[in-house]
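Report on the following structure.
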Amino acid sequence: MINTFDAFKKFKSRLELRDGEQKKASKLQQDARALVGEHFVIARDFLTGSYKRHTKTRPLKDVDIFFVLDKEKEKKYLDNPLGLLEDIRKVLAPVYGEAKVKVGRRSVGVDLAYDPNDEDKILSIDVVPAFDKDNHYQIPDNVLQDWVNTDPEIHAEEATAANKAFDGEWKPMVKMIKKWNETQGKPIKPSFLIEVMAMQMLYPPFSGGYVYELKSFFATAADRISETWNDPAGLGSPVSDQMDAQRITLARQKLAEAGKFVDQAIQAERNGNQVGALRIWRDNVFGDMFPLS
Ligand SMILES: Nc1ncnc2c1ncn2[C@@H]1O[C@H](COP(=O)(O)OP(=O)(O)OP(=O)(O)O)[C@@H](O)[C@H]1O
Ligand SMILES: [Mg+2]
C-alpha cells in the first residue's frame, strides 16, 4: 500500500511536463508560425503562459503561443485589436476546421485532434497576437474591447523566484491547486488567478508537507478570494476581473469544502484508514491523476 507522502510524490511527478509534450508543443508552434506567417509579418514568436512557466496542468490544454507582429508592416491593426483576433481566426479556421477555431478573450483558441491514450497529448493551443509596446507587449482583449498590456517575462521571473524561495515546491503546488480547480468545474477563473494568489499565500519557507500547506492555502484563499488581485507585473487589468459576486460565493464555498475534505483525509489517516485517506484526496480533491497505489 502507498502512504500519503508517496502518493503526493507520484501525483507531483504526474503533473510534470514531459519531453514528448515539449516536442509536440514546439512542432505546433512551428506549424502555427508557418501558417500565420503566410498572412502576417511576424517579428518574433514564442511559447509562453503557464506552459512556459511550468505551472500548467496535464494533459496540456490551451498552450499559449505569442506572435509578436511587425509594428510597421502590420500597423493597420494598431487601432483594431478585435479585427486582429478575427483575422487570425480566419487564417487558422480553414486549416484546423471552422468549428475548432474560436476567438477567445485574448487569443484565438484551436482545438486539436488527439489520441486520448497518448500520454503526450495536447488538447488545444491559444494563438496570441501581440505588438511590442515600450518594454512589454500589448495584446487584444475582447472583453475590454481594447489592447491590454502584459509582460509574460516578468510573470515567469516572479514564478521562478517564488518557486526558489519555497524549496522548489511552489510550482508543483500551484499545479496541484489548479488541478483541484479543474476537477471542481473551475470555480476560480481564470486559473492564472490561482498563480497570482499563490504568490502571496504559499508563504516561504515550505513547511515540508503538502497536506498542511494545502489546508492553509484553501483556508486563506476562501478568506481572500473577494479581494482585487492585480497583474503582478503591474501592467494589465486586474487578474480577478471575472470574479463577480456569484463566482466569489461559489469559489468560497468550494474552497471551504476542500478544506473540510483535507481535514477528513487527515482524520482518516490518523484512524489508520490509509486507503480511505487516499480515496478522499482522489475522489473529493484532485481527481483521477491522484494515485491510489
Ligand atoms: N490580467 C492580466 N494582465 C496581464 N497579463 C495577464 C493577465 N492575465 C493573464 N496574463 C498573462 O497572459 C498569460 C496567458 O493567460 P492565460 O489566461 O492563458 O493564463 P495561463 O497562466 O497560461 O493559465 P492556463 O494554465 O489556464 O493556461 C498569463 O500566463 C499571463 O502571463
Ligand atoms: Mg494559458
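Structure summary
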{"item": "As computed over region 108-202, the Cα convex hull volume per residue (Å³)", "result": "147"}
{"item": "Estimated D of region 164-293 in µm² per second, where Rh is the Kirkwood radius over Cα pairs and Stokes-Einstein applies at 25 °C, 0.890 mPa s", "result": "161"}
{"item": "Viscosity 0.890 mPa s, 25 °C: Kirkwood-radius Stokes-Einstein D of the chain over Cα pairs, µm²/s", "result": "121"}
{"item": "Inter-label distance for residue 182 and residue 100, nm, one decimal - labels placed 7 Å from Cα along Cα-to-Cβ", "result": "2.0"}
{"item": "Ordering of 26-34, 4-12 by burial proxy (mean other Cβ atoms within 10 Å per residue, highest first)", "result": "4-12, 26-34"}
{"item": "The chain, helix-only ellipticity at 222 nm - DSSP H runs n ≥ 4, -39,500 (n - 2.57), divided by all residues, nearest 500", "result": "-15500 deg cm²/dmol"}
{"item": "Hull shadow area, averaged, region 97-142 [alpha-carbon convex hull, nm²]", "result": "4.5"}
{"item": "Part-to-part distance (alpha-carbon centres) for region 35-49 and region 164-188, which is given in Å", "result": "30"}
{"item": "Low-density loop positions, GluC sites (Glu not before Pro), region 83-127 - DSSP coil, at most 11 other Cβ in 10 Å", "result": "119"}
{"item": "Radius 15 Å from Cβ of residue 113, net charge of other residues (Lys, Arg +1; Asp, Glu -1)", "result": "-1"}
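No value in this document is a laboratory result; all are computed from the given coordinates. All figures in this text were calculated on a predicted structure; none of them were measured in a lab. So basically every Cβ, Gly included, is an ideal-geometry build from the backbone, and we count neighbours across all protein chains shown.
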